[in-house]
4 protein chains.
Amino acid sequence: MTTTAAAELGVAVIGAGSMGADHVRRIDGLISGARVAAVADVDGDRAAALAEGIEGCSAHTDPGAAMAAPGVSAVLIASPGAAHEESLLMALERDLPILCEKPMTPDAAGALRVAEAEEKLGHRRVQVGFMRRYDAEYLRLARLLADRELGRPLLLHCRHRNVSVPPYFTDAHLINDSVSHEFDAARWLLGQEITAVRVHRAAAGSAPEGGLNDPQLVVFETDGGVLVDVEIFGNCGFGYQVQAEAVCERGTARIGEAHGLMTNAAGRWGGSIDQGYLSRFADAYDREVQAWVDATRRGEATGPGVWDGYAVAAACEAGVEAQRTGRRVAVEMAERPPFHRR
Amino acid sequence: MTTTAAAELGVAVIGAGSMGADHVRRIDGLISGARVAAVADVDGDRAAALAEGIEGCSAHTDPGAAMAAPGVSAVLIASPGAAHEESLLMALERDLPILCEKPMTPDAAGALRVAEAEEKLGHRRVQVGFMRRYDAEYLRLARLLADRELGRPLLLHCRHRNVSVPPYFTDAHLINDSVSHEFDAARWLLGQEITAVRVHRAAAGSAPEGGLNDPQLVVFETDGGVLVDVEIFGNCGFGYQVQAEAVCERGTARIGEAHGLMTNAAGRWGGSIDQGYLSRFADAYDREVQAWVDATRRGEATGPGVWDGYAVAAACEAGVEAQRTGRRVAVEMAERPPFHRR
Amino acid sequence: MTTTAAAELGVAVIGAGSMGADHVRRIDGLISGARVAAVADVDGDRAAALAEGIEGCSAHTDPGAAMAAPGVSAVLIASPGAAHEESLLMALERDLPILCEKPMTPDAAGALRVAEAEEKLGHRRVQVGFMRRYDAEYLRLARLLADRELGRPLLLHCRHRNVSVPPYFTDAHLINDSVSHEFDAARWLLGQEITAVRVHRAAAGSAPEGGLNDPQLVVFETDGGVLVDVEIFGNCGFGYQVQAEAVCERGTARIGEAHGLMTNAAGRWGGSIDQGYLSRFADAYDREVQAWVDATRRGEATGPGVWDGYAVAAACEAGVEAQRTGRRVAVEMAERPPFHRR
Amino acid sequence: MTTTAAAELGVAVIGAGSMGADHVRRIDGLISGARVAAVADVDGDRAAALAEGIEGCSAHTDPGAAMAAPGVSAVLIASPGAAHEESLLMALERDLPILCEKPMTPDAAGALRVAEAEEKLGHRRVQVGFMRRYDAEYLRLARLLADRELGRPLLLHCRHRNVSVPPYFTDAHLINDSVSHEFDAARWLLGQEITAVRVHRAAAGSAPEGGLNDPQLVVFETDGGVLVDVEIFGNCGFGYQVQAEAVCERGTARIGEAHGLMTNAAGRWGGSIDQGYLSRFADAYDREVQAWVDATRRGEATGPGVWDGYAVAAACEAGVEAQRTGRRVAVEMAERPPFHRR
């Protein structure tokens, strides 16, 4: 990249579903230094509706056409996970900076192919959408752990609760769509890789009619010897709640507690609970995209990269296997090439 | 008193209303070292019903008869405030140890007469029922202030909220029945006397039909230069809540916050709020009576004494006057005789 | 781009002190739809240093020259308060949209002159920098009150604590620099005007050597009958803390409590306290400037306006008088002209 | 006094260590309806020192002699666990009411022998010292679960942290001395038996020099299909902390959070953490002993009984085996005879 740091990004947004639309609104109205230059969706009408009213923004059904549209200098991928690999490889071939929603790819093998493509290109181009790394509370916990403020971390307790999940959700979705966030967050908070996963089910929670066992307790180990447990509860009914507590040698540190407006009324004290990740992590999404825009304009790639996407895909594969067998399943990972080290 | 420390107290309980009945239950079932020996109430049936089933306990309509009953060696006064002075003087004449519910007397002049009677007797016999001094949280706050842990206290913010007050409550009741607790608590926490009182009313809160202005903000000053403000809210509707926050030179300290069981449900986090002082201060009442029993058996009188009862009565008189006139009213107090110094 | 709505704002920033520099950084790096086109400061070197590195940004010593610089289409005033009126009138004469830091003017008379100038212009051009109106928690409290969720508000308790204030701070600074925020916040939260102010001092807190009495308790009344009390503590030493609790007919609502990262260590649970308003209200500042940019690009003026600046100036004058005399001082305000009604 | 119900208990306290001394102080000074009639300890001087100053209390080296001492009508066993079985059988032979500190016996086989002895006697005589059942917060959680207020329980997360454990502590001590409390609490809160246990270790927490792996995560299952996880941390360093969170079908409920006095100082908000179980559970111990005294005077035995002691011993045996093997270990229990059903 030889352009000056001040060049405004022209972003091709691939995928015009709810996540893609949310990013279009963000880039158009909130993010400094970037504009939406093209939108692509298999549903052309949906792409056109989103592009309408944005000056100089074209609509496409083909991701490649969007990437080739006038003014495009970066790509944001928000299409369904199964379509990511193709778009990633296409954008890497054009040497475009990419912000790719999670999961980077639905499987570890695909993630490895993306890693190889980026390595062949010779410089980092991909940032993966693990937006918790941009959440103010996660950032404070990460700093506390990095500074060894309370000594080395020993345990990490996580809670991940959704009001409800779609009816088609299976046990594997709980791992791939939900616990994948904790896989990345734990790797990032601890600076360690995941080595094995085991899944405990609460028999009482089994839905008799469906395939979904809910909630589950996922326990995984890291190469630094930390034990991580995750309560994943897809249909908790009461709210969206993401919490983490690091147990260290000299103390514990916790994030995700209730805060903000608190009321006393009718015999109760307390507050309301977020009902979804878009409101809970709104600031994180904003910071994430802004950080990507800023780094890209400086000619850099920062944030979670392809190797993070690959590591999480590998952990997910082990997690689903652990869920299926009830056993501890070791995480198999290719050796990390020097290029993909931070 | 020449009896050994281990002598069991035989208590005459004067007043068989809800407060008296609560103390009878406490002494009979919970308090070590004491038993109920007599009960008196103007309503003889009520006294008899309460005495029934307690071995060796007699029932009376006359306080003096109860004090003279066999086995009586101490008196607990829980009759209406207007009847306190007579019973106090009667018990002091018999040189009996006394635990007297608050207000000690409804007026400062009566309190002063009791102080003089005790002084004439030559030793302390009266403990006044300011039970907040026995509440675990108040005790911790008192210790923190006494130790000057955060430097000298400068301000004291108080909240005192009741679900509802009886229909006959007037502005003056808010001072005499409710703020009187803060008058004593502030004196005790700070170790300072109250010098002047002013009352602010919230015009929006005035009950158009009745005489009660609710809530009110009572601001008073101490001879140590601390400014105390009390929100008194008689009909807050949502619960019983007593809070205090001391603002000191190097920090603040707060008690009375929500705790205990906390739930997440239906989009809300939080817990329940006590609905009355008997549940909120149950432990304090238990500790108060036990402390009185223990001190009495050792031949001592500890806890809040007659002078505390007098000081609060004087502050209440100033408070009601401040309420009536809208002006700052100085608290007029007799000089404290050496006998009534701690 | 030819539509008015989409035109990027070229902002002249008047004042290159810490507040001005913070806004320059915000507009340059964070705010979508605006760029810094000119910077003015009486200290020309300071203006030049700030302008350097921003493409197309000129530096000036004269506010008028900055407003006339090429590309300037809006003005942000962040100079000392005493210089505001001149810049405001100058910018209004040029019919430029203005974001003016608080206080709008240091006195009520100056504020009224600005109100008249804007009225003569015939359309709203001025947004005043009361950024609490953009804070997420304040916004939730405002909505709860507007919806009468807990009934009508009766009392509003406020705490406003700074780690320390500069040595030159006087009693009047506490009102004009600090309580002025609560004056505006109360007006906005309640939708009511302030009618009278009284100031209580904690004798214990008086600094013997200096002129500053610290802390103070400011009590004011509104035309809706709500009573507001503000603890203002300039040198609390421990952190920057802004809290508000509305007491309503059916419950209370509180904001500004501790949250975020919480630790257990060395016998203590808890978290850290912000040390200044720039970190506590960082998001509010961002939202404020973004809202101004967005409204301006749509050709509108929203947010707190000139009349809000005037009302606060009038309340400050009464507050300083109340502080000086120890009396309740009525707030004198000119009649609100139809133009300045929302 | 001739009624059985009103008879004052004369308690023989077996064991004069810290726990025994604490109970002697409680019965002597706090508990209504009971007195200490005898103290026994292998160290006769220690027994004598404790008995001194208590009217009519004799000192012994032999538990049997203490039980046979004049005035003894009940037994409280607070000797080391290995000595419990002998004292229990001895007291059952004398048909005396017993309050036995936990663990009832160190092994399941011994517990079963005690169960058989009590069954042969034909009425309940033993209450086991699981004092959490008397803690105010646990009682509220138990009621919430019993009422199915949030639906059926699915998961139970527990934290059990000690400042430090003695140097001789092994992995097995963590189960038998600490997790045994959670074994009983879970059984009681859920009304379900434990069916299998698995232990996860945090490799990072292994003490390289000693035998103790610390912390550990114990996961167990119940016959009602609930999954329970317990963080047991023997040397957490910062305080004594016991927390529980029930995850139910429609919400979660949590106890053990920080409360009471909260301070702001030096850039931190928060409070202090209890340093030991005697302060954290002081009220529970008081209520426990009072409940035992009251039930005994009524001629009844209530609270946790022999079968509870046995069930926990069986779970501990499985837990230690799970710890040793790293496997899921089923809990083997004898069938519950009708006599030992509640």
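The values are calculated or read from the model by the stated rules, or taken from the named source; none is laboratory data. Only a predicted model underlies this, so the values are computations on that prediction, with no experimental measurement involved. We place every Cβ from the backbone using ideal geometry, glycine too, and count neighbours over all the protein chains shown.
Numbers for the structure displayed
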| read-out | value |
| --- | --- |
| Residue match in the stretch D:184-200 (condition: in a loop (DSSP other than H, G, I, E, B), more than 9 Å from every other protein chain (Cβ to nearest Cβ) and touching a residue at least 40 places away in the same chain (Cβ under 8 Å)) | yes |
| Only one of B:V247, B:V320 that is in the same structural domain as B:V165 (by TED's automatic domain parsing), in contact with a Pro (Cβ under 8 Å, 6 or more places away or on another chain) and aliphatic (A, V, I, L, M) | B:V247 |
| Of the criteria (1) at the interface with another protein chain (Cβ under 7 Å from one of its Cβ atoms); (2) surrounded by fewer than 18 Cβ atoms within 10 Å (Cβ to Cβ); (3) more than 28 Å from C:D147 (Cβ to Cβ), which one C:G237 fails | (2) |
| Every pair of residues 6+ apart whose Cβ atoms lie under 7 Å, when the first sits in the stretch B:285-312 and is under 18 Å from B:E116 (Cβ atoms) while the second is at pLDDT below 80 and among the hydrophobic types (A, V, I, L, M, F, W, C) | B:A301/B:A295 |
| In the stretch C:231-248, the residues that are assigned to a strand (DSSP E or B) and either among the hydrophobic types (A, V, I, L, M, F, W, C) or at pLDDT below 90 (or both) | C:I232, C:F233, C:Q241, C:V242, C:A244, C:A246, C:V247, C:C248 |
| Residues (at pLDDT 90 or above and buried (at least 21 other Cβ atoms within 10 Å of the Cβ)) located in the stretch D:131-144 | D:Y138, D:L141 |
| Residue check for C:G44: crowded, with 18+ Cβ neighbours inside 10 Å and either modelled with pLDDT of 95 or more or in contact with a helix residue (DSSP H, G or I) (Cβ under 9 Å, 6 or more places away or on another chain) (or both) | no |
| Inter-residue pairs, beta-carbon under 6 Å, first over 18 Å from C:G237 (Cα atoms) and in the stretch B:142-153, second surrounded by 13 or more Cβ atoms within 10 Å (Cβ to Cβ), 6+ apart | B:A142/B:L189 |
| Residue in the stretch B:171-181 that is in contact with a strand residue (DSSP E or B) (Cβ under 8 Å, 6 or more places away or on another chain), free of Cβ contacts under 8 Å to residues at least 60 places away in the same chain and either buried (at least 22 other Cβ atoms within 10 Å of the Cβ) or more than 9 Å from every other protein chain (Cβ to nearest Cβ) (or both) present | yes |
| Residue that is nearest to the other protein chains (Cβ to nearest Cβ) [pool: residues in the stretch D:136-170 that are aromatic (F, W, Y) and in contact with a helix residue (DSSP H, G or I) (Cβ under 9 Å, 6 or more places away or on another chain)] | D:Y138 |
| Residue within the stretch D:67-78 that is aliphatic (A, V, I, L, M) and in contact with a Gly (Cβ under 6 Å, 6 or more places away or on another chain) present | yes |
| Odd one out for D:D274, checked against (1) touching a Cys at 6+ places or on another chain (Cβ under 6 Å); (2) without any contact (Cβ under 8 Å) to a residue 40 or more places away in the chain | (1) |
| Restricting the stretch A:213-234 to residues that are in contact with a Leu (Cβ under 9 Å, 6 or more places away or on another chain), more than 9 Å from chain D (Cβ to nearest Cβ) and of a type outside the set (A, V, I, L, M, F, W, C), the residue that is nearest to A:L145 (Cα to Cα) | A:G234 |
| Residue within the stretch B:280-302 that is in the same structural domain as B:L156 (by TED's automatic domain parsing), at pLDDT below 85, of a type outside the set (V, I, T) and touching a Lys or Arg at 6+ places or on another chain (Cβ under 6 Å) present | no |
| Flag if A:G210 is modelled with pLDDT under 90, at the interface with another protein chain (Cβ under 8 Å from one of its Cβ atoms) and either touching a Ser or Thr at 6+ places or on another chain (Cβ under 9 Å) or assigned to a helix (DSSP H, G or I) (or both) | no |
| Helices (runs of 4 or more DSSP H) (entirely within the stretch A:2-87) containing at least 3 residues that are farther than 23 Å from A:R124 by Cα and in contact (Cβ under 8 Å) with a residue 40 or more places away in the chain | A:18-29 |
